[in-house]
Amino acid sequence: MLPENQAINQGWLALMNKVVDPEKPREKFSWTRVDEIIEYAKIRGMKRLGIATCYALMSESRSLSDILERNGFDVVSVSCLCGEVNPQDVGMPGDIFCNPIMQAEVLNREKTELNIMVGLCLGHDILFLRHCKAETTPLVVKDRALGHNPVAALYLNQGFYQDRFIRR
């Protein structure tokens, strides 16, 4: 195993030992993703967390920031409209064009240790991940049709809507 991956795997293992404690088998169902992020960051000794958010999920990001701060973390949040680009300048239509690369650069400059993605658009999340220096994890994955719960599409595909995603 590469040394740069060892700390992440050790953090994951320590987290899983708490989540899946054989002495408390029912507790594993009480851990939310937010709980896991907080515990992972604590296990790793992280203090400065970043939130990269879509402007449409600012309320959710504020709530997340409050939770993280109440748990002792220093939080830096950055909206996708930070350093907004004029779409026409890059040959794109529309009035708004987000800047996920700038989001990553802001969090890099702020020296965040763990970044949390909240609802970045597909493609923008890829660019954000490509340019981030810190470890990064998703909390909210944008899915406009399913209330940002993309796994629901997979559940729907198992029943009445099983042909929903077949393109002919």
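Just a few scattered comments:
- Protection proxy ranking, highest mean first, for peptides 63-74, 148-159, 112-123: 112-123, 63-74, 148-159, where packing is the per-residue count of other beta-carbon atoms within 10 Å, averaged.
- Computed FRET value (nearest 0.05) for E23 with N157, which takes r as the C-beta separation and R₀ as 41 Å: 0.65
- Rel. contact order, % - alpha carbon contacts under 8 angstrom, at least six apart, the chain: 17 percent
- Coordinate range along principal axes, alpha carbons of the chain, Å, largest first: 57, 48, 35
- Dividing the helix sum by the residues of the chain, where each DSSP H run of 4 or more adds -39500 (n - 2.57), gives a mean residue ellipticity at 222 nm of -11500 deg cm²/dmol.
- Eligible lysines near K111 by straight Cα distance, threshold 18 Å, same-chain separation 8 or greater: K42, K47, K133
- As a rough guide to protection, the peptides 77-83, 41-47 ranked by mean Cβ packing within 10 Å, highest first, stand as 77-83, 41-47.
- Taking a point 7 Å out from the Cα of A56 in the direction of its Cβ, the residues of the range 99-121 whose backbone N falls within less than 13 Å of it are 119-121.
- Of all DSSP beta bridges confined to the chain, the antiparallel ones make up roughly 0%.
- Two tests apply to each whole DSSP H helix in the chain, Cα reach of 30 Å or more along its axis and mean Kyte-Doolittle hydropathy of at least 1.6, and none passes both.
- Each Lys and Arg contributes +1 and each Asp and Glu -1, all at the Cβ; summed about the Cα centre of the chain, the dipole is approximately 320 debye.
- Selection from N17, L64, N115 lying farthest towards where the dipole of the chain points positive, charges on Cβ: N17
Throughout, read-outs are computed from the coordinates displayed, never taken from laboratory work. Just so it is clear, the model here is predicted, and its values are computed rather than measured. When we count neighbours, we look across all protein chains shown, and the Cβ atoms used for this are built from the backbone with ideal geometry, even at glycine.
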